[in-house]
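Structure record follows, encoded as structure tokens.
The values are calculated or read from the model by the stated rules, or taken from the named source; none is laboratory data. Only a predicted model underlies this, so the values are computations on that prediction, with no experimental measurement involved. Cβ coordinates were reconstructed from backbone atoms using ideal geometry, including for glycine residues, and neighbour counts include every protein chain displayed.
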Amino acid sequence: MNERRLKKILILAGAAATLLFCLGPFVYMLATALATDPEFLGPGREFVPTLAHFHSVLFSESVHFLRYLLNSMVIAGLSALVSVFIAALGAYALTRLAIPGGRSILLIVLGISMFPPVSLISYLFKLMSALGWMNTYPALILPYVAWTLPLSLWILVSYFAQVPRDLDRAGLVDGCSRLKILLRIILPVAAPGVFATFLLAFIYAFNEFLIALMLTTDQAARTIPVGIALFEGLHGQVAWGEIMAAATVTTIPVVVLVLIFQHHIIQGLTRGAVKT
Amino acid sequence: MIGSQAGCGSALRRTRGPARRPLSAQVRGFWFLAPLFGFIGLLILIPVLGTLLDSLFRDIIYLPARFVLLANFQALAADPAFWGAVRFSLLFVLVSVPLQLLLGLGMALVLNEPMPLRGLVRACMLVPWAIPAAVTGRVFQLVYNYSYGAANYLLDRLQLSAEPVNWLGTSVSSFVAVVAADTWQTTPFAAILLLAGLAAIPEDLYAQARVDQAGLLRRFFSITLPLLKPVLIVALLFRTIQALRVFDIIFVLTGGGPGGATEPLSMLAYRHFAAGDFGYGSAASVVLFAIALGLSLVYVRVGRFQEGP
């Protein structure tokens, strides 16, 4: 009885600590974005709320913040879309067609995803320069598709493996081509998994930093993480209010998405990493 | 019924189904895999090979490249910044990964128990994971601000330190600062992985152990830990490889400073790329790549071992 009570107290304290740990810096970011004076924690200062930082980040032309956000949305969205489609083709082959060494292919693809991105960027820089694509969307979309493919493939394989084979057979008997079976039967049946994969690939591409840092030079294609990292403010000193407002506007959509679809995301994440 | 949903109602093509030749099926399979191989080959494998090759050249932007064999690596070996980066990268892995896994295990154990609002707490754990690391770097830059950051505010409020700490100003404190920021970002992810592992442990085992009067600690060490081991190993290797290639958060938080004290290998390589010295930067990333490849092979071996027959 005593042990049980102690355990209960420990668990509640642990949950509270976890919550504080996870949300603390996030709330601090939010508070700074809303504070008239970003130094509100300094001695003799106080917190006075304002929306001025959001206003200047969203409406000041010279900050290019909205442009960065648009770039990120388009680049991450297209990358995730293409990545999921190509991974779906591959996952279909690996789960449905007789591929010799299918298991090894999966493991090799996983091994490839372990490569440090820094070992790609000099070559990508030269490639995109030679093609004249520096600072354009394709310069980021193409590497992002490749970069998210291992993740997409692993998650989709685990979802496709759960779709009953009878559905395929019914399609084959009906005279469907393999591609049609994938598009009209497997993908709709596995839709929640496909959607989780898309979300994960989107977040990975949206958050990518190093390749975007190397391959973009200005607002024509610069993504939001790079924009925030290099943001210096307009008046010389570090504009913490603007930076945190920009960070908030960037992270709120992602966080809302994650909170709404947490179930799918957790499932996708753990399937990609922990084989069930 | 199910088949007709797909709307491919031609019974004439039925011949393909059961009696297809294995060889043509294999060929078809490779067509499905071709785009995957194409993208990964052209945009990952060839760039990595290109970097490998380039590490053997003196390749500086606007100058003709010249084959120098191992001269870049010799220059690296004589570069104190290189050894500093190797030291930092390894130390960062050695300190942050165990710390994050232990914390993550603690969170997972807590979250695995029934409690009010458990779903909400779990959802909040995804928040640090979902934020771009570059943004996290910015937020922690403010957290560590000397005169008005949250870190010194808390130290002062809790009366843990008489004087504010110059977090990003000394090599030891900046190391702590970087590890703490990275721990915030990645621990919840480790916890989510471990939580999935915990959920897979059959409840019967614990019920049986309770019948046998096994205490809390005993149950943890005889049931939870052994059964969680495969997931722990996966999380360990994942985190190790990610920590080894850390870049974003440090680039923004400290820029590798003060005086290169927190510069990982990936940033050393990037710095030379950005300055146009591709050969030297490639050599540095080849070293990082070799370390990561070694660990990837370990991962693949563990993965295969786990899978069994």
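Write out, first by first residue and then by second, each pair whose Cβ atoms fall under 7 Å of each other, whose residues are 6+ apart or on separate chains, and whose first residue, in the range A:93-112, is more than 8 Å from every other protein chain (Cβ to nearest Cβ) while the second is surrounded by fewer than 18 Cβ atoms within 10 Å (Cβ to Cβ) and aliphatic (A, V, I, L, M).
A:THR95/A:ALA161
If the requirement is being within 11 Å of another protein chain (Cβ to nearest Cβ), hydroxyl-bearing (Ser, Thr, Tyr), buried (at least 22 other Cβ atoms within 10 Å of the Cβ) and closer than 28 Å to A:LEU70 by Cβ, which of these qualifies: A:SER83, A:SER129, A:SER119?
Being within 11 Å of another protein chain (Cβ to nearest Cβ), hydroxyl-bearing (Ser, Thr, Tyr), buried (at least 22 other Cβ atoms within 10 Å of the Cβ) and closer than 28 Å to A:LEU70 by Cβ holds for just one of A:SER83, A:SER129, A:SER119, which is A:SER83.
Provide a single number: the residues in the range B:117-137 that are farther than 21 Å from A:ALA245 by Cα and without any contact (Cβ under 8 Å) to a residue 60 or more places away in the chain.
Residues of the range B:117-137 that are farther than 21 Å from A:ALA245 by Cα, as a first pass: B:117-123, B:125.
From what is left, the residues that are without any contact (Cβ under 8 Å) to a residue 60 or more places away in the chain are B:117-121, B:123.
Residues flagged as farther than 21 Å from A:ALA245 by Cα and without any contact (Cβ under 8 Å) to a residue 60 or more places away in the chain within the range B:117-137 amount to 6.
Within the bounds of the range B:243-265, is there any residue that is under 18 Å from A:LEU215 (Cα atoms) and basic (Lys, Arg)? It would help to see each step written out before you state the result.
Restricting attention to the range B:243-265, the residues satisfying the condition of being under 18 Å from A:LEU215 (Cα atoms) are B:247-248, B:251-252.
From the residues that got through so far, the ones that are basic (Lys, Arg) too are none.
No, the range B:243-265 contains no residue that is under 18 Å from A:LEU215 (Cα atoms) and basic (Lys, Arg).
Hey, could you check the range B:257-287 for residues that are surrounded by 24 or more Cβ atoms within 10 Å (Cβ to Cβ) and aromatic (Phe, Trp, Tyr) and say which is farthest from B:PRO80 (Cα to Cα)?
Ranking the qualifying residues of the range B:257-287, first place goes to B:PHE278.
Based on what the data block shows, is A:ALA220 more than 10 Å from chain B (Cβ to nearest Cβ), surrounded by fewer than 19 Cβ atoms within 10 Å (Cβ to Cβ) and closer than 24 Å to A:TRP147 by Cβ?
Working: more than 10 Å from chain B (Cβ to nearest Cβ): yes; surrounded by fewer than 19 Cβ atoms within 10 Å (Cβ to Cβ): yes; closer than 24 Å to A:TRP147 by Cβ: yes.
Yes, satisfied.
Would you check which residues across the range A:34-57 are touching a Phe, Trp or Tyr at 6+ places or on another chain (Cβ under 7 Å) and in a helix (DSSP H, G or I) and list them?
Within the range A:34-57, just A:VAL57 meets the criteria.
Here is a check on your reading of the model: is A:LEU20 of a type outside the set (Gly, Ala, Ser), within 30 Å of B:GLY215 (Cα to Cα) and within 13 Å of another protein chain (Cβ to nearest Cβ)?
Details: of a type outside the set (Gly, Ala, Ser): yes; within 30 Å of B:GLY215 (Cα to Cα): yes; within 13 Å of another protein chain (Cβ to nearest Cβ): yes.
Yes.
For the range A:158-210, how many residues are part of a loop (DSSP other than H, G, I, E, B) and more than 10 Å from every other protein chain (Cβ to nearest Cβ)? Steps first, please.
Filtering the range A:158-210 for residues part of a loop (DSSP other than H, G, I, E, B) gives A:161-164, A:174-177, A:190, A:208-209.
Checking which are more than 10 Å from every other protein chain (Cβ to nearest Cβ) leaves us with A:161-163, A:190.
Residues in the range A:158-210 being part of a loop (DSSP other than H, G, I, E, B) and more than 10 Å from every other protein chain (Cβ to nearest Cβ): 4 in total.
Yes/no per residue for (1) of a type in the set (A, V, I, L, M); (2) at pLDDT 90 or above:
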| position | (1), (2) |
| --- | --- |
| B:ALA196 | yes, no |
| B:LEU205 | yes, no |
| B:LEU217 | yes, no |
| B:PHE238 | no, no |
| B:LEU244 | yes, yes |
| B:GLY257 | no, no |
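Assuming B:ARG218 fulfils every condition listed in (1) of a type in the set (D, E, K, R); (2) closer than 30 Å to B:ASN166 by Cα; (3) more than 8 Å from chain A (Cβ to nearest Cβ) apart from one, which condition is it?
Going through the list (1) of a type in the set (D, E, K, R); (2) closer than 30 Å to B:ASN166 by Cα; (3) more than 8 Å from chain A (Cβ to nearest Cβ), B:ARG218 breaks only (2).
For the range B:135-176, give me each residue that is among the polar types (S, T, N, Q), assigned to a loop (DSSP other than H, G, I, E, B) and closer than 25 Å to B:PHE247 by Cα. Steps first, please.
Let us first name the residues in the range B:135-176 that are among the polar types (S, T, N, Q), namely B:136, B:141, B:145, B:147, B:152, B:159, B:161, B:166, B:170-171, B:173-174.
In the following step, the residues that additionally are assigned to a loop (DSSP other than H, G, I, E, B) were identified as B:145, B:147, B:159, B:161, B:166, B:170.
Passing the criteria: B:ASN145, B:ASN166, B:THR170.
When you go through (1) over 21 Å from B:GLY259 (Cα atoms); (2) within 11 Å of chain A (Cβ to nearest Cβ) one by one for B:PHE67, which number turns out not to apply?
(2)
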